[in-house]
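One structure is given below, encoded as structure tokens.
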Amino acid sequence: MMRSLPPFPSTRKKITLFCVEGWDVTILWEGVGVKDLLADAGIAPGANTVIFHAADGYSTSLPLDYIEERDILLTHTMNRVRLPEERGFPLQLVAEDRWGYTWIKWVTRIQVSDDPSYQGYWEQRGFSQSGDIRKSSFT
């Protein structure tokens, strides 16, 4: 028997997505805090990495402390419109201050790990593990 999830507070944030191709766009995002979802699910001692998996097989990871400190959102709405399929329906991660390749779309599963070296799709291809836009390079 599956338990029903408690209602999570919805949060809105205006955040800029920076693409490695050189463009950026600022969008009003709405969703739930990943840290709220993780707190409800429970986090094992020693966990330090959150791995996101998508319906198309894509994956990426981010440090747990980054997600908690920045109150990173798993979003369902952009600019007050429900995410269309091509933009990530049902859920897209909004990884504030990270390059766009970490903004995973079509999120279907979240995994918490004690392995900070997990490499997702682009990280396996030489892109920065942190994806931090403040760094001088994304690779």
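Checking the stated criteria, Gln111 turns out not to satisfy the condition of being of a type in the set (S, T, N, Q), in a loop (DSSP other than H, G, I, E, B) and touching a residue at least 24 places away in the same chain (Cβ under 8 Å).
If you check Asp71, Asp65, Asp56, which single one turns out to be surrounded by fewer than 20 Cβ atoms within 10 Å (Cβ to Cβ) and in contact with an Asp or Glu (Cβ under 9 Å, 6 or more places away or on another chain)? Before the answer, list the steps.
Numbers: Asp65 fails: in contact with an Asp or Glu (Cβ under 9 Å, 6 or more places away or on another chain); Asp56 fails: in contact with an Asp or Glu (Cβ under 9 Å, 6 or more places away or on another chain).
Checking each option against the conditions leaves just Asp71.
Look at the range 25-46: where a residue is of a type outside the set (Gly, Ala, Ser) and a partner is loosely packed, with under 10 Cβ neighbours inside 10 Å and in a strand (DSSP E or B), sitting 6+ places away or on another chain with Cβ atoms under 9 Å, you get Thr26/Lys14; Ile27/Lys14; Leu28/Lys14; Trp29/Lys14.
Bear in mind that the values in this text are calculations on the coordinates, not laboratory data. These numbers come from a predicted model, not from an experiment. Cβ atoms come from the backbone with ideal geometry, glycine included; neighbour counts cover every protein chain shown.
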